[in-house]
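S.K.: This is the structure, below, for whatever I ask next.
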Amino acid sequence: MMAASPQPVRGSRSNADYLCVDEFMRDLVGARALQSALELGLVDDLLQNPSADFHSIAARCRLEPRALHLMLGMLRANRVLEERGGRFELTEPFRMALKYRDLLEAKLDFAALVAADFAEMFTALLAEPDRFFERARIFDLFSYDRCFDSTPDNLALTRRWMRFTTTLTKYEAQACIDHYDFSACRRLLDVGGNSGEFVLRICKANPQIRATILDLPLVCEIGREHVTGEPEAARIDFVGAGEDRAILPSGFDTICFKSMLHDWPDKEMQEFLERAYLALDSGGKLLIFERGILETGTGQIPYSLIPIMLFFRSYRSPAEYETPLRRIGFREITIRIIELEMPFMLITAMK
Ligand SMILES: C[S@@+](CC[C@H](N)C(=O)[O-])C[C@H]1O[C@@H](n2cnc3c(N)ncnc32)[C@H](O)[C@@H]1O
């Protein structure tokens, strides 16, 4: 008899305060003005000089009056700052968002890098995906073929996109940690684990875990640097993957794929799951933490989500993972939907 499909459980979004950064990136004009304000030192200036007047800001930021007037107006309209009696201050909500400044800056930079793909080629993305794939900047950014030879150019390119994956993961990881009990885990393998940021967060919360990241050689090289200096570094290893994706290392009670499987077409995604099944200890757990299908709901997709939206074809429903998991032999499959800036899925299964 076929096992009944698990009912997805809806998770809470209580630990996602960091999403407040998106409030300042709802549209391109407001977000671009904020990015420039950060680049020009205007935000830092207002942090150091609360309640500053127009002329003192102009002098310190070296902006001519018309440029500063335009900039302050755009920032005010975006609720980054407010004016009282001719003096300018950062708003309280924006000060809160600055607690997550690395995320704010990474999201602004990521969206700006690929916004032209949307502005110039959205029709192709919808109707001629192959043409989009050939010309879009987002695929130049994520050049996995440049992650093998350790040259200065390749390292610089790889670091550039790893900044985005690492910063998003730093914050997204908490939702997984909140909703999955890692207390029985001792040996964890993160396939496509990137800079190690995901396992670093898990290891911080679970001192019994030793973790291994399997990723492309240059990604591992940069990842080793990333975790060096962390108290958990001695519990985190990196293993370089070959181009053939042949086998996964064994000896793990937990194998996870975070935001990794959507990169692959169905056939390769299923091969990764099959290899994970072979590599896992008997009774071991598989964990998939992935973005779900992007829905517009009643509101428009915000500017902050443009980089994610460009991959809209890659995101799957829970059933598209559950069916192959079941066929491969995994059991006790659970599905949890966690609402972050879009739905994420936490799927667990046992060998
Ligand atoms: C979209 S990124 C996700 C990274 C990370 N897990 C996260 O959530 O931010 C996909 C990752 O898969 C890695 N990758 C690509 N091909 C791989 C392979 N054959 N074996 C292992 N990792 C691979 C990439 O280098 C990248 O780090």
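S.K.: Restricting to segment 224-276, and then to whatever is hydrophobic (A, V, I, L, M, F, W, C) and assigned to a strand (DSSP E or B), can you tell me which residue is farthest from the chain's Cα centre (by Cα)?
M.R.: Ranking the candidates gives Phe252 first.
S.K.: What pairs come out if I take residues in segment 180-198 that are among the hydrophobic types (A, V, I, L, M, F, W, C) and pair them with residues that are within 16 Å of the ligand (Cβ to nearest atom) and in a loop (DSSP other than H, G, I, E, B) whose C-beta lies under 8 Å away, six or more apart or interchain?
M.R.: As it stands, the answer is Leu189/Leu248; Leu189/Pro249; Val191/Leu248; Val191/Met260, since those pairs meet every condition given.
S.K.: Further, regarding this structure: Among the residues in segment 284-297, are any within 18 Å of Thr348 (Cα to Cα), among the basic types (Lys, Arg) and part of a loop (DSSP other than H, G, I, E, B)?
M.R.: Looking through segment 284-297, none of the residues is within 18 Å of Thr348 (Cα to Cα), among the basic types (Lys, Arg) and part of a loop (DSSP other than H, G, I, E, B).
S.K.: Name the residue that is nearest to the ligand (Cβ to nearest atom), counting only residues in segment 251-270 that are free of Cβ contacts under 8 Å to residues at least 60 places away in the same chain and surrounded by fewer than 14 Cβ atoms within 10 Å (Cβ to Cβ).
M.R.: Across segment 251-270, the extreme among qualifying residues is Glu268.
S.K.: Taking into account only those residues within segment 156-182 that are within 12 Å of the ligand (Cβ to nearest atom) and among the β-branched types (Val, Ile, Thr), which is farthest from Ala233 (Cα to Cα)?
M.R.: The residue in question is Thr158.
S.K.: Answer yes or no as to whether Gly229 is without any contact (Cβ under 8 Å) to a residue 24 or more places away in the chain and small (Gly, Ala, Ser).
M.R.: The answer is yes for Gly229.
The rows are residues; the columns are (1) aliphatic (A, V, I, L, M); (2) buried (at least 22 other Cβ atoms within 10 Å of the Cβ); (3) within 12 Å of the ligand (Cβ to nearest atom); (4) under 22 Å from the mean Cα position of the chain (by Cα).
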{"site": "Ala184", "(1), (2), (3), (4)": "yes, no, no, no"}
{"site": "Leu189", "(1), (2), (3), (4)": "yes, yes, yes, yes"}
{"site": "Asn206", "(1), (2), (3), (4)": "no, no, no, yes"}
{"site": "Ile209", "(1), (2), (3), (4)": "yes, no, no, no"}
{"site": "Ile213", "(1), (2), (3), (4)": "yes, yes, yes, yes"}
{"site": "Leu218", "(1), (2), (3), (4)": "yes, yes, yes, yes"}
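S.K.: In addition: Quickly run through segment 105-142 and pick out the residues that are buried (at least 17 other Cβ atoms within 10 Å of the Cβ) and in contact with an Asp or Glu (Cβ under 6 Å, 6 or more places away or on another chain).
M.R.: Ala136, Ile138
S.K.: Quick check on segment 66-104: of everything there that is aromatic (Phe, Trp, Tyr) and in a helix (DSSP H, G or I), which residue is surrounded by the fewest Cβ atoms within 10 Å (Cβ to Cβ)?
M.R.: By that ranking, first place goes to Tyr100.
S.K.: A further question follows. List every residue pair whose Cβ atoms lie under 6 Å apart, where the two residues are 6 or more positions apart in sequence or sit on different chains, the first residue falls within segment 108-126 and is of a type in the set (Gly, Ala, Ser), and the second residue, located anywhere, is modelled with pLDDT under 95 and surrounded by 14 or more Cβ atoms within 10 Å (Cβ to Cβ).
M.R.: What qualifies is Ala124/Phe132.
The values are calculated or read from the model by the stated rules, or taken from the named source; none is laboratory data. None of the values given here were measured: they were computed from a predicted structure. Glycine also receives a Cβ, built like all others from the backbone with ideal geometry; neighbour counts cover every protein chain displayed.
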